[in-house]
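The values are calculated or read from the model by the stated rules, or taken from the named source; none is laboratory data. Note that the structure is a prediction, hence the values are computed from the model and not measured. Here the Cβ positions follow ideal geometry from the backbone for every residue, glycine too, while neighbour counts run over all protein chains shown. Accessible surface is based on the protein model in full, side chains and every heavy atom, while ligands, DNA and RNA are left aside. Shrake-Rupley method; radii C 1.70, N 1.55, O 1.52, S 1.80 Å.
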Amino acid sequence: MFGYVTPCKMELKVKDYEKFKAYYCGLCKEIKNSFGNLPRLSLNYDMTFLAILLDSLTKENFKATKQFCILHPTQKRLIITENSSIKYAAFCNVSLSYYKLLDNVNDDNSSLSKVYSKVLNIYLKKAPDYYKNNLLFIEKSLKNLYNAEKNSQNKSLDELSHHFSDLTGFILSSYIGENKNKDALYFLGYNLGKWIYIIDAYDDLEKDMKTNKFNPINAVFNKDNLTYTKLLDKISERIDFTLVSCAQSMIDSLNNISISKNYDLLYNILQFGLMEKMDKVFKRTCKKEEILNEKSL
């Protein structure tokens with residue numbers, strides 16, 4: 001359910017793309033420093049967006065350094081350091097990944113997820129005590145989501161997605177405490193969580209139907225046991241409309257937040273990055289390439 005929130009590189013200025021990579025590498029390093037090397041395997045782009053957004057609320061200058069990376073040992077990479085937003089994103093990254101693994105165990109009885117979750121739980125115990133309430137909220141929300149999915153009869157897609165949406169809203173808004181940006185951050189996070197939940201379900205729909213695994217889109221819209229192709233014909237436009245509406249609501253919320261820096265990068269992610277990801281998941285990118293190839297003949 002993670003890794004969908006990325007910038008659109010083709011629409012980014014070079015400096016903003018380098019900045020995004022510096023946050024990403026900074027998050028990777030912070031996971032290592034706060035939790036250990038193994039949890040770095042859970043690193044994902046969504047939490048990089050979280051770090052960028054929350055850091056953009058401050059007027060603090062970047063603190064960055066060039067360091068060697070385990071994946072790029074021959075060339076130093078620009079890495080943002082000593083950043084409280086990245087520290088918080090590192091905690092969220094590891095904790096959400098841990099509970100995602102538990103969900104995999106509940107769904108598939110995955111042996112690999114079972115082993116990795118036990119290992120990751122050891123590292124998660126290193127989280128500072130002041131994150132305890134956040135951890136309890138994450139655990140409660142994902143348990144509510146799991147229970148809702150297990151009892152999905154007569155529930156709408158909005159109802160099923162609510163628990164993850166509410167959790168994402170909490171993650172974004174709870175970091176700052178009482179603040180004039182709190183409501184806008186919550187609604188941005190709520191729509192982001194809903195967007196991630198639904199696009200992940202759409203992306204996994206064919207695989208989940210083949211393996212008879214729970215999928216919220218299949219559970220809500222496929223009462224007549226349609227084939228995957230016929231179900232797509234029935235629901236694609238509706239899902240597309242919902243996702244675009246969520247993306248627009250995120251931009252509206254962003255415009256109501258007092259941003260001190262990184263606005264172009266944040267706007268790129270929410271305006272172009274999400275649409276680019278939708279094109280890929282809906283397989284519209286392939287269709288566009290086919291049209292261009294036909295015109296060139």
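Spelling out what I want: for every residue of segment 133-144, take phi, set θ = phi - 60°, compute 6.51 cos²θ - 1.76 cosθ + 1.60 (Karplus), and round to whole Hz; glycine and proline get x.
Computed from phi, the couplings for segment 133-144 are 5, 5, 5, 5, 5, 4, 4, 4, 5, 6, 5, 4 Hz.
Using Cα Rg over 2.2 N^0.38 Å as the read-out, say which of (i) 1.38; (ii) 0.95; (iii) 1.02 was calculated from these coordinates.
Identified label for the calculated read-out: (iii).
At 1.4 Å probe size, with every protein chain present, just tell me what the per residue accessible area of segment 217-260 comes to in Å².
On the way: 2450 Å² over 44 residues.
Accessible area per residue, segment 217-260: 56 Å².
Segment 168-196 to segment 95-119: how many Å between their Cα centroids?
Between the Cα centre of segment 168-196 and that of segment 95-119, the gap is 26 Å.
Between SER174 and LYS32, what length comes free when the chain is fully extended (0.36 nm per residue of separation minus the Cα-Cα distance, one decimal in nm)?
Between SER174 and LYS32, full extension yields 48.7 nm more.
Treating only the Cβ of Lys, Arg, Asp and Glu as charged (+1, +1, -1, -1), what charge dipole size does segment 148-252 show about its Cα centre? Round to the nearest 20 debye.
Result for segment 148-252 is approximately 220 debye, rounded to the nearest 20.
Compute a Gaussian network model of the chain, connecting alpha carbons closer than 10 Å, and tell me which residue from LEU243, LEU157, LEU38 fluctuates the most.
With Cα springs under 10 Å in the chain, the top fluctuation among LEU243, LEU157, LEU38 is at LEU38.
Could you tell me the calculated FRET efficiency between ILE122 and ASP203, based on Cβ-Cβ distance and R0 = 35 angstrom, to the nearest 0.05?
It comes out at approximately 0.70.
Please give me the summed charge of the neighbours of CYS28: other residues whose Cβ is under 10 Å from its Cβ, Lys and Arg +1, Asp and Glu -1.
+3
Which percent of the accessible heavy-atom area of segment 39-149 goes to carbon and sulfur, probe 1.4 angstrom?
54
Please calculate how many Å² of accessible area segment 34-104 carries per residue, with a 1.4 Å probe and no DNA, RNA or ligand atoms counted.
Spelled out: the 1.4 Å probe surface of segment 34-104, per residue, equals 47 Å².
Pop a pseudo-label 7 angstrom from the Cα along the beta-carbon direction at both SER84 and ASN147 and give the gap in nm to one decimal.
Between SER84 and ASN147, the simple spin-label model gives 3.4 nm.
Roughly how many nanometres apart are two label points built 7 Å out from the Cα toward the Cβ at ASP264 and LYS234?
Label at ASP264, label at LYS234, 4.7 nm between them.
Sort all Cα-Cα distances of segment 158-297 into consecutive 5 angstrom bins from zero, then give the percent of pairs in each bin up to the one containing the longest distance.
2, 9, 16, 19, 17, 13, 10, 7, 4, 2, 0, 0
Select from TYR130, TYR45, TYR186 the residue whose mean-square fluctuation is largest in a Gaussian network model of the chain (Cα-Cα springs shorter than 10 Å).
TYR130
Enumerate the calculated ³J(HN,Hα) couplings along segment 263-272 in order (Karplus 6.51 cos²θ - 1.76 cosθ + 1.60, θ = phi - 60°), each rounded to whole Hz, writing x wherever the residue is Gly or Pro.
Values per residue, Gly and Pro as x: 4, 4, 5, 5, 5, 4, 4, 7, 8, 9 Hz.
Given the rule -39500 (n - 2.57) for each run of at least 4 DSSP H residues, summed and divided by the residues of the chain, what is its mean residue ellipticity at 222 nm, to the nearest 500 deg cm²/dmol?
Values: 12 runs with 197 residues, N = 297.
One gets -22000 deg cm²/dmol as the mean residue ellipticity at 222 nm.
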